[in-house]
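Working notes, beginning with the structure itself.
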Amino acid sequence: MRKTQLALLTLGATILAGVVTVTPAAARDYPWCAQGGEYDYPGECAYSTYEQCLASVSGRLLYCGRNPLFAYGQQQVPPPRPTRRTRPVAPY
């Protein structure tokens, strides 16, 4: 009985350690989407190149299109430059 409890405790600790160390996947906008058929707009956007997308949609009655979030996304706007502070000059 004691060996079973020890084995279950070890198994539980191993599973817990594995869950704690899992990091979430990084979100990324891929430039190409498989569109049409069973996919809603914008489709399955998981392709880095047009060729990858074509290979995936081959024989599936789908087509490849640009990811609108990638193609028409927000451009990085540079931060505004700080205004120069000038010292007041006393009149002579």
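The values are calculated or read from the model by the stated rules, or taken from the named source; none is laboratory data. Please read these numbers as outputs of a predicted model, since none were measured by experiment. With ideal geometry, Cβ positions are generated from the backbone for all residues, glycine too; neighbour counts draw on all protein chains shown. Heads up: the accessible areas ignore ligands, DNA and RNA and are worked out on the full protein's heavy atoms, side chains in. Shrake-Rupley method; radii C 1.70, N 1.55, O 1.52, S 1.80 Å.
Below, the figures for the structure above:
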{"quantity": "Restricting region 8-36 to residues that are part of a loop (DSSP other than H, G, I, E, B) and open to solvent by less than 70 Å² (accessible area, probe 1.4 Å), the residue that is modelled with the highest pLDDT", "calculated": "31"}
{"quantity": "First in region 32-59 and touching a residue at least 12 places away in the same chain (Cβ under 8 Å), second anywhere and outside any loop (DSSP other than H, G, I, E, B) and exposed (fewer than 14 other Cβ atoms within 10 Å of the Cβ), Cβ under 6 Å, 6 or more apart", "calculated": "32/50"}
